[in-house]
Amino acid sequence: MDDKTTLPGRSGTSWTDGGRPGPVERLDEATAALIALQDNLSAEEPLDQALQRLAETAKMAVQDADAVTVSVRPEEPRTAAATDKALVDIDEVQYRADRGPCLNAARTLTAVRAVVGENAHVWPEFEACASRHGVHAYLSVPVVLPATGNDAEHVASLNIYSYTAAAFDPFDESLMRLFTAAASAAIKNALRWQHSREEIGHLSTALGSRAVIDQAKGVLMAVHSCTADEAFAMLVQRSQHENRKLRDVAQALLDSVTGR
């Protein structure tokens, strides 16, 4: 029986002679996983939490996927989510070495498939660590937001690990490219929500600083019988002289008045 021979599978689909589901069933499973991801993702959810859901869903979507991690920020990479914390070690080895399949995928925005044992001359650190963990196959697929200008925006990379050497094939690679493209909309919502929360936090901090500075100006105006502009100039001068933030100088003045 050659590699193209198929055997009956579940739901009337075909199974390859290697015991793996055929393309139709694999596509159906990935579609079901993606629907579950979109149903469960909230419009108000931190990015790391959304990426954890993505990792868990990708693990269900790919045959022979034993674990999935999610890398973010290729310039300062970190693992934001993982279905198996033990395998984060493989990601971190690549970050420290500044090379490996997950970084290649992030930097080139293309999927990278690797069989452990075949790339020791290119990624020796990755190969050694993956071997220690019993990992034999690897597939990394970038999650890219649609381009708003000339360049697409890299959000994360899905790093899929398997203990089976023959786990991933070109179909899995294509399937995950479709999966990440469809998932990018949900991830974009989480990213937008996180940015909004950060902006709100920055605004709250700015408003708090403004209130402290205004109070300190009032104190100086009362003590020195000066104008608001003159009081502000005093705070700025002290801030520059002490090399401290203006808000910190203003807070120190208020604390000295209230006896804190």
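Of all the criteria given as (1) touching a helix residue (DSSP H, G or I) at 6+ places or on another chain (Cβ under 7 Å); (2) modelled with pLDDT under 75; (3) not aromatic (Phe, Trp, Tyr), the one not satisfied by Lys188 is (1). Scanning the stretch 50-84 for residues that are among the acidic types (Asp, Glu) and either on the phi > 0 side of the Ramachandran plot or assigned to a strand (DSSP E or B) (or both) turns up just one, Asp64.
Collect the residues in the stretch 51-82 that are charged (D, E, K, R) and surrounded by 24 or more Cβ atoms within 10 Å (Cβ to Cβ), keeping them in residue-number order. Before the answer, list the steps.
First, pick out the residues of the stretch 51-82 that are charged (D, E, K, R): 53, 56, 59, 64, 66, 73, 75-76, 78.
Of everything in the stretch 51-82, nothing turns out to be charged (D, E, K, R) and surrounded by 24 or more Cβ atoms within 10 Å (Cβ to Cβ).
Which residue is modelled with the lowest pLDDT, if the candidates are limited to the stretch 124-148 and must be of a type in the set (S, T, N, Q) and surrounded by fewer than 17 Cβ atoms within 10 Å (Cβ to Cβ)? Out of the qualifying residues, it is Thr148.
So for the stretch 166-181 (the condition being among the hydroxyl-bearing types (Ser, Thr, Tyr) and at pLDDT 90 or above), does at least one residue qualify?
Taking the stretch 166-181 as the starting set, the residues that turn out to be among the hydroxyl-bearing types (Ser, Thr, Tyr) are 174, 180.
With at pLDDT 90 or above added as a condition, the list becomes none.
For the stretch 166-181, residues among the hydroxyl-bearing types (Ser, Thr, Tyr) and at pLDDT 90 or above: absent.
Within the stretch 83-123, restricting attention to residues that are over 22 Å from Leu54 (Cβ atoms) and among the β-branched types (Val, Ile, Thr), the residue that is surrounded by the most Cβ atoms within 10 Å (Cβ to Cβ) is Val116.
Screening the stretch 154-177 for residues that are aromatic (Phe, Trp, Tyr) and outside any helix (DSSP H, G or I) and picking the one that is farthest from Tyr95 (Cα to Cα) gives Phe168.
The values are calculated or read from the model by the stated rules, or taken from the named source; none is laboratory data. These numbers come from a predicted model, not from an experiment. Reconstructed Cβ throughout: ideal geometry from the backbone, glycine too, with neighbour counts over all protein chains shown.
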